Amino acid sequence: MVPVITFTTDLGLDDAYVAAMKGVILGINPRARLVDICHTIKPQDITQAAFVLDQAYPFFPEGTIHVVVVDPGVGTTRRAIILKKGSALFVAPDNGVLSYVVRRSPGSRAGRRFRLGPGQEAVVLNRPGLWREKVSPTFHGRDIFAPVAARLSLGQPITDFGDVINSLAVLPLDAARRAKDGSVTGHIIHIDGFGNLVTDIKEDKLPGDRPGVLVRVGGRLITGLSRTFADRPGLLALVGSSGYLEIAQRDGNAAATLGVRVGDEVYIMPNKPV
Amino acid sequence: MVPVITFTTDLGLDDAYVAAMKGVILGINPRARLVDICHTIKPQDITQAAFVLDQAYPFFPEGTIHVVVVDPGVGTTRRAIILKKGSALFVAPDNGVLSYVVRRSPGSRAGRRFRLGPGQEAVVLNRPGLWREKVSPTFHGRDIFAPVAARLSLGQPITDFGDVINSLAVLPLDAARRAKDGSVTGHIIHIDGFGNLVTDIKEDKLPGDRPGVLVRVGGRLITGLSRTFADRPGLLALVGSSGYLEIAQRDGNAAATLGVRVGDEVYIMPNKPV
Amino acid sequence: MVPVITFTTDLGLDDAYVAAMKGVILGINPRARLVDICHTIKPQDITQAAFVLDQAYPFFPEGTIHVVVVDPGVGTTRRAIILKKGSALFVAPDNGVLSYVVRRSPGSRAGRRFRLGPGQEAVVLNRPGLWREKVSPTFHGRDIFAPVAARLSLGQPITDFGDVINSLAVLPLDAARRAKDGSVTGHIIHIDGFGNLVTDIKEDKLPGDRPGVLVRVGGRLITGLSRTFADRPGLLALVGSSGYLEIAQRDGNAAATLGVRVGDEVYIMPNKPV
């Protein structure tokens, strides 16, 4: 098996940080396959990182190791962890960046923590013998996460790296709510590079009558669900490749046109004969 | 043989799209070597993608598979194809993005289509059994192109993927014209990250008398062809690493200095004694 | 052994230049592992490239080959070289971009050149038979450095590539100075993507009394050294992951707050009872 290691960070593309991590990994396991998910997460934006990671990780092969370095609390008392979910492994700070990952699985939420259910295991990283000898308090990505990921890719079991824990921090993510009248209130959770607005409204929350769907966003009304970005001119709503409702603009940038931001409301009106 | 797969897309660096494609590929062929050509093609700019691809692909080893995802018509009736040219393979929408690739080879143009000549074969992708099980109408890159490229990298023949076609869409690309008086009229086809202007004037279209060449661009006149970017101060013209005439500025940005854009004219004056 | 080749360039992410280099390498050695250090060095900024390279290369495994293409003098009389330092190899223009690399080792400086000491060897690239057949005067990265790096990764000895030289160009880098009164005068040498200011003041130049350290930068005074970015609100000074004194701002951008630039002075005041 060829072990794959992915990276989701806010370390940017203009510095040596990411390369230093990769060098450390290749020094321990020269056969590891390294794949960038994203390095341009907005500095310290845990919510964005959580979303971007969730959009990529399910497509990777069994046994892939996902390293996440969006870590404003680096060097403080925040814990660093390994989460094992099915065959996928995650090396990350315990700051909520794995919120979407754990929520896809059984488990239960209690306030800002999520109690792991069956098929999920986690350990806290507290065995410095498996880290780089000298650890900078400001760059655990290089000195802790990278060597841990490299050793995981060699097949070392997660329990070697620290004590078992049974809950993780999660973000207070909004989730779309469906009201009794059939209306759905959701939010923009991500704006992609094309200016498409990804919402937290999953396909199964949408009304069955797709041509009659009415979507209100940024003060504008969109009628009906489209199938592709080219279905019609102007603004359109569709179920995106993410599985969520997205707002897009044909040959344009919906975010710029609407002047909206992450967190803004998206409302789906009930479609009844009046 | 180690199979190489390259990527030329407008999917950007800030989202999970590219990584999702790579994950799908590694799930099918964990030994594939993945190389990014460019992910920051301007959204939906087929012409720019065609040029950038053409500047990179000839340098890759035999059998390399080039995946192109600049695809404004994704999910509509536009076809997706595999082109085989010599030993190189291209997986792309049939929207003109392979214009430079096919034009380097024998074949004939008829309007907006190019009839393939010897050494070129193509199929339309119409065998869903070789795609991902669930195909999003908005992301064929992940759900169709990626699995097709991965299977090609395992040695599967192109005819497995669909019916043979004998022509491809091509862009109405301007090509430099040489007039009877020896003057050449061309255009800027690309502005690179240094602000260098790449034109569509190939080396063999240039007058033989290089010191006497006069180039007019953006209202300025440049005399003589230089050999390197450091030959002289200010604006200079030279045959770039692309094989085309380029306009550059020593220690500066020619595009900013001249205020020109892609599509603007570049004129080479005949150099005769008056 | 799996040979690793890294890249530090100003070629950007929007063009095909980097991919063309990688294609050339994979054509010669399909087993080479390719890792990007940085491609967004400011055009022709040799000083920045020298710093970024120095922050990454020590973390790579033995035998790694580092290719540097920040090369304003490409095609002129500037030399291109291979430097061997320990087991690490560098393929680069001889324009000072290896200044930090050689200065970490024994050797002596004479004006703008550095005489190599024990454990360092270098050759000038002057054997065109080991380059691409046609060499563009404007892109030695693709036509000279890439094939040389690929052949090095196959184990070819550096003396095959050219004549031995015993000195390299170095930049007139400022180094922090410690005065008799215990004060230290240094400079900002890099601003990273978070807006953190990296100085040329190494940890061992700092006063022993860390809580009492006074740092003056951009007209502001910072008292005491922090350990992490989250130690306290506002501006803080700490020994960064680079091993140098850094100025940062908790949940903010120190460079923007202070309005400073690379080259600006950072002053550490002696901390004596007055």
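The values are calculated or read from the model by the stated rules, or taken from the named source; none is laboratory data. Quantities reported herein were computed from a predicted structural model and do not represent experimental measurements. Cβ: placed from backbone, ideal geometry, glycine included. Neighbour counts: every protein chain shown. The protein model used for the area step is the full one, side chains on, heavy atoms only, and it has no ligands, DNA or RNA in it. Shrake-Rupley method; radii C 1.70, N 1.55, O 1.52, S 1.80 Å.
List of remarks:
- Residue satisfying condition, being more than 23 Å from the chain's Cα centre (by Cα) and open to solvent by 10 Å² or more (accessible area, probe 1.4 Å), within set C:P30, C:P58, C:P3, C:P43: C:P30
- The number of residues in region A:46-55 that are within 10 Å of chain B (Cβ to nearest Cβ) and open to solvent by 20 Å² or more (accessible area, probe 1.4 Å) comes to 2.
- Of all residues in region C:69-85, those satisfying the criterion of being open to solvent by 20 Å² or more (accessible area, probe 1.4 Å) and under 19 Å from C:D163 (Cα atoms) are C:T76, C:T77, C:R78, C:R79, C:K84, C:K85.
- Whenever a residue of region C:258-271 is assigned to a loop (DSSP other than H, G, I, E, B), its partners that are among the charged types (D, E, K, R) and open to solvent by 50 Å² or more (accessible area, probe 1.4 Å), lying with C-beta atoms within less than 7 angstrom and at least six residues away or across chains, give the pairs C:P270/C:D181; C:N271/C:D209.
- B:I247 vs. criteria in contact (Cβ under 8 Å) with a residue 40 or more places away in the chain, away from chain C (no Cβ under 12 Å) and touching a His at 6+ places or on another chain (Cβ under 9 Å): no
- In region C:26-43 there is at least one residue matching the filter, namely being on the phi < 0 side of the Ramachandran plot, charged (D, E, K, R) and in contact with a strand residue (DSSP E or B) (Cβ under 8 Å, 6 or more places away or on another chain).
- Contact map, region A:137-148: first residue open to solvent by 20 Å² or more (accessible area, probe 1.4 Å) and modelled with pLDDT of 95 or more, second residue not aromatic (F, W, Y) and not in a helix (DSSP H, G or I), Cβ cut-off under 8 Å, separation 6 or more or different chains; pairs are A:H140/A:V69; A:H140/A:D71; A:H140/A:V74; A:H140/A:G75; A:H140/A:A80; A:H140/A:P93.
- Cross-chain or 6+ apart pairs with Cβ under 8 Å, region C:24-35 first and within 7 Å of chain B (Cβ to nearest Cβ) and in contact (Cβ under 8 Å) with a residue 40 or more places away in the chain, then among the charged types (D, E, K, R) and open to solvent by less than 10 Å² (accessible area, probe 1.4 Å): C:V24/C:D143
- The strands (runs of 3 or more DSSP E) falling completely within region A:103-213 that include 1 or more residues that are of a type outside the set (G, A, S), more than 14 Å from chain B (Cβ to nearest Cβ) and within 30 Å of A:L236 (Cα to Cα) map to A:184-191, A:197-202.
- Checking each residue in region A:100-121 for being surrounded by fewer than 23 Cβ atoms within 10 Å (Cβ to Cβ) and under 26 Å from A:F139 (Cα atoms) picks out A:Y100, A:R112, A:R113, A:E121.
- Flag for A:G224 being of a type in the set (G, A, S), at pLDDT 95 or above and either open to solvent by less than 10 Å² (accessible area, probe 1.4 Å) or touching a Phe, Trp or Tyr at 6+ places or on another chain (Cβ under 9 Å) (or both): no
- Exactly one residue among A:F90, A:F60 is closer than 22 Å to A:A150 by Cβ and either in contact with an Asp or Glu (Cβ under 6 Å, 6 or more places away or on another chain) or more than 8 Å from every other protein chain (Cβ to nearest Cβ) (or both), and that residue is A:F90.
- Against the list (1) among the β-branched types (V, I, T); (2) open to solvent by 10 Å² or more (accessible area, probe 1.4 Å); (3) within 15 Å of A:I37 (Cα to Cα), the condition B:I25 fails is (2).
- B:T228 vs. criteria under 25 Å from B:F59 (Cα atoms), assigned to a loop (DSSP other than H, G, I, E, B) and in contact with a strand residue (DSSP E or B) (Cβ under 8 Å, 6 or more places away or on another chain): yes
- Residue check, B:A80 touching a helix residue (DSSP H, G or I) at 6+ places or on another chain (Cβ under 8 Å) and under 14 Å from B:G141 (Cβ atoms): yes
- Look at (1) open to solvent by less than 20 Å² (accessible area, probe 1.4 Å); (2) under 16 Å from A:I28 (Cβ atoms) and you find that A:R127 fails only one, number (1).
- Top-ranked residue of region B:12-21 - restricted to ones that are in contact (Cβ under 8 Å) with a residue 24 or more places away in the chain and within 7 Å of another protein chain (Cβ to nearest Cβ), ranked as least open to solvent (accessible area, probe 1.4 Å): B:A20
- Close pairs from region A:211-237: first free of Cβ contacts under 8 Å to residues at least 40 places away in the same chain, partner outside any loop (DSSP other than H, G, I, E, B) and open to solvent by 80 Å² or more (accessible area, probe 1.4 Å), Cβ under 6 Å, at least 6 apart: A:G224/A:P211; A:L225/A:R210
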